[in-house]
Amino acid sequence: SGQTATMSLDSCVNSVSVGATAQLAPTVKVDGITANTYTIDWSTGDSNVATVSADGVLTALKCGSVTVTATLTAVNGHQLLVPVTQTYTVTINHSYKAVVTAPTCTDKGYTTYTCTCGDSYKADEVAALGHSYKTVTVDATCTEAGSITDTCSTCGDTKVQTIPATGHSDTAPADNRC
């Protein structure tokens, strides 16, 4: 009587992040005894999503899901008369990179998460900082206008108020007359 070869993909990875690799390691048995040497032909249903090398290394290329096919063709150096084929689905997950946009005086800060597949989202909002003004006052004179200048020490935003010239006054004390 002939020997019976079986293959189980239960121990193989079923979820990988885009850009990552994973070694696929099925369990192969002959008459219930684990075989150490065997030959498997690997393939995927969509090589744009993932590929599998001859030695069973899955490379995740794009987010989505892909059917992986494993065909057991030889065990312990002997070709199988009837190859054993199994398929299963691997999910390729997003792999996000974070880019932080710092808050400014007037705009919120946030983090943009972008996957190599193009999917992105914003999260982790931080409140705007608000202005931090410092005030400089130039007093008006009889002939020259003065000013109050508020300048934000963070972003440089400036607000200027004009103080009208005081004009000549004959009624002012003698030391304050123009």
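The values are calculated or read from the model by the stated rules, or taken from the named source; none is laboratory data. Note that this is a predicted model, so its numbers are computed, not measured. Here the Cβ positions follow ideal geometry from the backbone for every residue, glycine too, while neighbour counts run over all protein chains shown. Side chains included, ligands, DNA and RNA excluded: accessible areas come from the protein's heavy atoms. Shrake-Rupley method; radii C 1.70, N 1.55, O 1.52, S 1.80 Å.
Hey, can you tell me all the residues within the stretch 33-54 that are open to solvent by less than 60 Å² (accessible area, probe 1.4 Å) and closer than 23 Å to A5 by Cα? Listed by number, the residues that qualify are A35, I40, W42, S43, T44, V52, S53. Screening Y121 with (1) open to solvent by 80 Å² or more (accessible area, probe 1.4 Å); (2) out of contact with any Phe, Trp or Tyr (no Cβ under 6 Å at 6 or more places or on another chain); (3) of a type outside the set (D, E, K, R) gives one miss only, at (2).
For the stretch 95-112, the count of residues that are more than 20 Å from A5 (Cα to Cα), among the acidic types (D, E) and open to solvent by 30 Å² or more (accessible area, probe 1.4 Å) is nonzero. Can you spot a residue in the stretch 73-92 that is under 20 Å from the mean Cα position of the chain (by Cα) and modelled with pLDDT of 90 or more? Taking every residue of the stretch 73-92 in turn, at least one turns out to be under 20 Å from the mean Cα position of the chain (by Cα) and modelled with pLDDT of 90 or more. Residue pairs whose Cβ atoms lie under 6 Å apart, sitting 6 or more positions apart in sequence or on different chains, and linking a residue in the stretch 118-132 that is hydroxyl-bearing (S, T, Y) to a partner that is in a loop (DSSP other than H, G, I, E, B), are S132/S153; S132/T154.
Only one of G77, G64 is open to solvent by 50 Å² or more (accessible area, probe 1.4 Å) and on the phi > 0 side of the Ramachandran plot. Can you tell me which? From the options G77, G64, the qualifying one is G77. Counting only residues that are under 23 Å from the mean Cα position of the chain (by Cα), of a type in the set (A, V, I, L, M, F, W, C) and more than 15 Å from C117 (Cα to Cα), the stretch 19-65 holds 2 of them.
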